[in-house]
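Heads up: the structure comes next, in structure tokens.
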Amino acid sequence: MSNILSDLIDEKEHKDFKDFIFVLGQMERKYLLRNDILLKFQEFFREKKKSHNFLTQSSMVHFLKQVPEMFISSDYLLILHRYAIGKYHFYRSGLAGDYIEKISTADYLKYKDRYVLGAATWRSKPPLKVDFMPFYDFSPSMRDSKNIGNGIRFLNKHLSSSLFQNPDKWGRKLFEFIKLHKINSNPLLINGDILRTPDEFLEELEKTLKWIREAAPEIPYTELEERLKKSGFEGGWGKDAARIRETMELVYDLFSEPDSDLLEKFISRLPMISKIAIISPHGWFGQENVLGKPDTGGQVIYILDQVRALEKFLTRNFQMAGVDIKPKIIVLTRQIPLAENTTCDQRSEKIFGTDDCWILRVPFKDKNMEIVKHWISRFHVWPYLDRFAYDSQRELLSEFQGKPDLIIGNYSDGNLVATLLSDQLDVIQCTIAHALEKTKYLLSDLYWEEMEKDYNFSIQFTADMITMNKSDFVIASTYQEIAGTETSIGQYESHQFFTLPGLYQAVSGVNLFTPKFNIVPPGVDENNYFPYYEREKRVTGKTEYWENRLFTDKSNDIYGWLKDPGKIPIFTMARFDKIKNITGLIEAFGQYPELREKCNLIFAAGTIRVEESGDREEQEQIRTAYRLFDKLDLHGHARWLPSINKADTGEVYRIFADRGGIFVQPALFEAFGLTILEAMLSGLPTFGPQFGGPSEIIEDRVSGFLMNTSKPGLIASVIRDFVQDCEKDKGHWKTIAEAGIDRVREKFTWNLYSRKLISLTKLYGFWRYSAAEEGMVKMDRYCDLLYHLLIKNRADAL
Ligand code: UDP
Ligand code: LCN
């Protein structure tokens, strides 16, 4: 065997490795995932009576743990080696294990295509190759996976060192950038007619600093305005002498001795962002009666909370800068004439609790330019988006009376429309995925064609890939969303290379090491969610209503009853999607007598009537739930409520906390999981899946519990252990509950979120302006090409 093997595996294990490869080659299954490989390894070497040490510590097991997949194609065993987060090698081995060699990404994908398509079809269809890597040549690149998710820090260092090394060029860029800003066509910060060059600016800055240092700190800007304007300084430096001095000192220091902290502090202060467009097309976007439907969940909550927080933050930002401007935020979504009991048919709706934030609804139009009246699942909106973007552009320009300063896309469809708008309007674009579907549905890339009828994944994955490349920056709620963990591939990471056999191969679908990815986790609405013991904030009438509804009420929209409503309540609430695995929790609860003996299960999901659901997956889940109620005889032990109105959910969590209950989120995979934050802040000990975002919210056994949700038994055992521990230690429940509250208050607040998002917008704005523009134009044109070739054409044909 070659040297490669020696690099991977200890010499003394080479023979075992060859034997193992040979065995894999004989297996009926030709495609194995990490878990299957490790199970086979254990089985094979246990039979061979290998030592415990070998089974757990050998270099072979170490290597195999880093192998997400292996498959057999064309008489070779193909091995994917994720030797570090986001970093891969590809190997090809003979089935007899007689050699192993490194191959390229493109070759690896070629074998994958052949594996799926079969040799004959594969030969007749040479693939289209998509490669984004050449378009990143303008961008600095990180090496260490640890820096992924903190792109802005890396970029700031790069920018400030450019400023340090090449002060003339970069000083001019910074000066031009500051000079550029206007608000509603009024100049801000610098009057370019008076201060024409960086030198003139710095000279005047020095003089101004001299007198402003002497001025009383509290003198308001209005009293200094005239003098400042004479020297060429417009509004925006600060609300009073103290703040103006601070900002001017920051920029002076930045020009004299650039460093990344100064750059960040200074640029973050500039009052540049007042109009934001937030795009979320697929609809059912409203403030009441919309949640719980298969397509409408956390994204809507996230956006509404985000809007309120951003407006508050920007208003303060303008006040501090001494500028009399009010921010305006528009959430652009789809208008749905057949809106049931929602406001989704209205063109415009003010967002509660804001001064000037709106939901703006623009209808989808079909090929005949007729307005589409009914709701359409998020998987089938693609034919309408191009026209939607076109119509929306006009509407946004008129509502904002000009261009927005930032466009934020949400989920695949929103990000695509954001891309089209940002391209047309030349506005900075931020991408938020919420949930990339590619990793949620197993092998959905390889078998895209089979799933196309229900999901149109070929279009969705392509849209995701284009927008993550085109956007100026991406924010993710957790690190794992971008780059996974030591043992699991991240959601963005899974787009680095993949193939949609027969359609195209993405040899480089996204560059994880470009500094555009940032972790900015959302917060929780603290008016709705607060600890159960803050009784003065609770409304007695609401508590009584929900006490009754949750445990005893016999309304005909509720299924199931409780023999003993006093038992420990296990609560869950989610959309009734398969991935949410509520049926897994029902099984866990029903199959384990220890749980049903001591606890009741209460869950809120979708509706209890199949005929009320318009979603295939939801209907399937409803039927399964009924089957389980009967099969496991849950009558008297479990209750099933329809989805709960958002405004009531806070009180619902608190009622469960009053009764010493727990919240279990049993999803098979959860991108982030807002319910987890909500339950924790309400003071409910919370159980979440170890797969996905929750692993970065919950510190296992400290502020909640992480579960392997792949099998009902594994869910049951974590809950059972907790119930037992609470019996042994009367303080245990409270300790976990308190740690959960602290964790959310410390790490997940909308105030932190807004500060970071706005600061990122300004810094990436500077980057776009100063260095990236040229490189980005090439990228934009490539994206445009792919959009027309792989999305628009395909969507039009649907
Ligand atoms: N939600 C609700 N009523 C329900 C179910 C869910 O108000 O019956 C809310 C819940 O409080 C949370 C959001 O919907 O704010 C769900 O967000 P999460 O991130 O947990 O999941 P998603 O649905 O986005 O996958
Ligand atoms: C979508 C999801 O699936 C959740 O995991 C997130 O919490 C939500 O969006 C908000 O980002």
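Taken together, the values in this text are just the output of simple stated rules run on the coordinates, not laboratory data. Owing to the predicted nature of the structure, the values given are computational and were not obtained by experimental measurement. In this analysis, Cβ positions are derived from the backbone assuming ideal geometry, glycine residues included, and neighbour counts consider all displayed protein chains.
Cα-Cα pairs above 22 Å in segment 149-269: how many percent? Walk me through the numbers before you get to the answer.
Details: 2431 of 7260 pairs.
Tail of P(r) above 22 Å: 33 percent of Cα pairs.
Could you list Trp237, Trp733, Trp211 in order of exposure, starting from the residue whose Cβ has the fewest other Cβ atoms within 10 Å?
Trp211, Trp733, Trp237
Of Lys328/Lys440; Lys578/Lys792; Lys49/Lys112; Lys173/Lys403; Lys65/Lys110; Lys210/Lys275, which pairs sit farther than 32 Å apart, going by alpha carbon to alpha carbon?
Working: Lys328/Lys440 35 Å; Lys578/Lys792 29 Å; Lys49/Lys112 34 Å; Lys173/Lys403 23 Å; Lys65/Lys110 24 Å; Lys210/Lys275 35 Å.
With Cα atoms farther than 32 Å apart: Lys328/Lys440; Lys49/Lys112; Lys210/Lys275.
Binning every alpha carbon pair distance of segment 255-390 at 5 Å from zero, what are the percents per bin?
2, 10, 17, 18, 15, 11, 9, 7, 6, 3, 2, 1, 0
Counting pairwise Cα distances across segment 535-748, what percent come out greater than 32 angstrom?
I get 10 percent for the Cα pairs in segment 535-748 exceeding 32 Å.
For Lys207 and Asp784 in the same chain, what is the full-extension length gain: residue separation times 0.36 nm, less their Cα-Cα distance, in nm? Kindly include the intermediate steps, with their values, before the conclusion.
On the way: separation 577, 0.36 × 577 = 207.72 nm, distance 4.90 nm.
Answer, rounded to one decimal: 202.8 nm.
Note down the nm distance, to one decimal, between modelled labels 7 Å out along Cα→Cβ at Ser59 and at Glu101.
Distance between label points: 2.2 nm.
How large is Rg/Rh for segment 65-119, to two decimals, with Cα atoms and a Kirkwood Rh?
On the Cα set of segment 65-119, Rg over Rh gives 0.96.
Could you list the residues of segment 647-688 with an amide nitrogen less than 20 Å from a label point located 7 Å from the Cα of Lys598 in the Cα-to-C-beta direction?
From segment 647-688, the list is 656-666, 684-688.
Tell me, what is the percent relative contact order of the chain, built from C-alpha pairs under 8 Å that lie six or more residues apart?
13 percent
Listing Lys711, Lys580 from the residue with the fewest other Cβ atoms within 10 Å to the one with the most, what is the order?
Ranking Lys711, Lys580 by Cβ neighbours within 10 Å, fewest first, gives Lys711, Lys580.
What is the extension gain from Lys350 to Asp366, computed as 0.36 nm multiplied by their sequence separation minus the C-alpha to C-alpha distance, in nm to one decimal? Don't jump to the answer; show the numbers that get you there.
Working: separation 16, 0.36 × 16 = 5.76 nm, distance 2.77 nm.
Contour length minus the Cα-Cα distance gives 3.0 nm.
Find out how many positive minus negative residues lie around Phe669, taking Lys and Arg as positive, Asp and Glu as negative, among other residues whose Cβ is under 12 Å from that of Phe669.
That sum, taken over residues with Cβ under 12 Å, equals 0.
Towards the positive end of the charge dipole of segment 5-125, with charges on Cβ (+1 Lys, Arg; -1 Asp, Glu), say which of Val67, Ala119, Phe17 has the farthest Cα.
Result: Ala119, furthest along the dipole toward the positive end.
Using only the alpha-carbon atoms, what does segment 565-649 span along each of its principal axes? Please give whole angstrom values in decreasing order.
Computed over segment 565-649, the largest-to-smallest principal extents equal 36, 31, 20 Å.
Distance from the Cα centre of segment 316-342 to that of segment 121-189, in angstrom?
The distance from the Cα centre of segment 316-342 to that of segment 121-189 comes to 28 Å.
Where the centre of each part is set by its Cα atoms, how far does segment 451-506 sit from segment 349-406, in angstrom?
Each part reduced to its Cα centre gives a spacing of 25 Å.
If you look at just the Cα atoms of the chain, how large are its Rg and its Dmax in Å?
28.4, 88
Over 19 Å apart: what share of the alpha carbon pairs of segment 90-224 falls there, rounded to a whole percent? Walk me through the numbers before you get to the answer.
Details: 6814 of 9045 pairs.
Tail of P(r) above 19 Å: 75 percent of Cα pairs.
Give me Cys726, Cys344 ranked fewest to most by other Cβ atoms within 10 Å of their Cβ, as a rough exposure proxy.
Result, fewest neighbours first: Cys726, Cys344.
Counting alpha carbon pairs within less than 8 Å and at least 6 residues apart, what relative contact order, in whole percent, applies to segment 311-450?
Details: 181 pairs, mean separation 20.4, N = 140.
Contact order relative to length: 15 percent.
Please report, in debye to the nearest 20, how large the charge dipole of segment 535-748 is about its Cα centre when each Lys and Arg carries +1 at its beta carbon and each Asp and Glu carries -1 there.
With only Lys, Arg, Asp and Glu charged at Cβ, the dipole is about 260 debye.
Size of the dipole of the chain about the Cα centre, Lys and Arg at +1 and Asp and Glu at -1 on the beta carbon, nothing else charged, in debye to 20?
It comes to approximately 820 debye.
Of Lys179/Lys778; Lys182/Lys762; Lys265/Lys778; Lys470/Lys747; Lys179/Lys265, which ones are farther than 20 Å apart at the Cα?
Lys179/Lys778; Lys265/Lys778; Lys470/Lys747
What is the set of long-range amide H partners of Ala476 at a cut-off below 5 Å, with H atoms built 1.01 Å from backbone N?
Asn518, Ile519, Val520
Kindly write out, for segment 698-705 in residue order, the coupling ³J(HN,Hα) from the Karplus curve 6.51 cos²θ - 1.76 cosθ + 1.60 (θ = phi - 60°), rounded to whole Hz, with x marking Gly and Pro.
Ordered by residue, 3J(HN,Hα) equals 8, 8, 3, 6, 10, 10, x, 9 Hz.
Evaluate E = 1/(1 + (r/R0)^6) for Lys747 and Glu526, where r is the Cβ-Cβ distance and R0 equals 22 Å; express this FRET efficiency to the nearest 0.05. Write out the running numbers ahead of the final one.
On the way: r = 14 Å, r/R0 = 0.63.
Given R0 = 22 Å and the Cβ-Cβ separation, E is 0.95.
Of Ser231, Phe164, Asn184, which is farthest on the positive side of the dipole of segment 149-269, counting Cα position, with +1 on Lys and Arg Cβ, -1 on Asp and Glu Cβ, and the Cα centre as origin?
After comparing all options, I get Asn184.
How long are the semi-axes of the ellipsoid equivalent to segment 5-125, from square roots of 5 times the Cα gyration tensor eigenvalues, in whole Å, largest first?
Sorted largest first and rounded, they come to 25, 15, 12 Å.
May I ask you to list the aspartates and glutamates whose Cα is less than 18 Å away from that of Lys730, ignoring any residue fewer than eight positions away on the same chain?
Straight-distance partners of Lys730: Asp658, Asp721, Glu738.
Evaluate E = 1/(1 + (r/R0)^6) for Ala647 and Leu180, where r is the Cβ-Cβ distance and R0 equals 51 Å; express this FRET efficiency to the nearest 0.05.
On the way: r = 43 Å, r/R0 = 0.85.
E(calc), rounded to 0.05, equals 0.75.
Give, rounded to the nearest 20 debye, the magnitude of the charge dipole that segment 149-269 has about its Cα centre when Lys and Arg contribute +1 at Cβ and Asp and Glu contribute -1 at Cβ.
360 debye
Between Asn166 and Asp36, what is 0.36 nm times their sequence separation minus the Cα-Cα distance? Round to one decimal in nm.
On the way: separation 130, 0.36 × 130 = 46.80 nm, distance 5.41 nm.
Result: 41.4 nm gained on full extension.
Can you pull out the trypsin sites (Lys or Arg not before Pro) in segment 17-48 whose DSSP state is coil and whose Cβ has at most 11 other Cβ atoms within 10 Å? Before the final figure, lay out the partial values.
Numbers: sites: Lys18, Arg29, Lys30, Arg34, Lys40, Arg46, Lys48; in loops: Arg29, Lys30, Lys48.
Answer in residue order: Arg29, Lys48.
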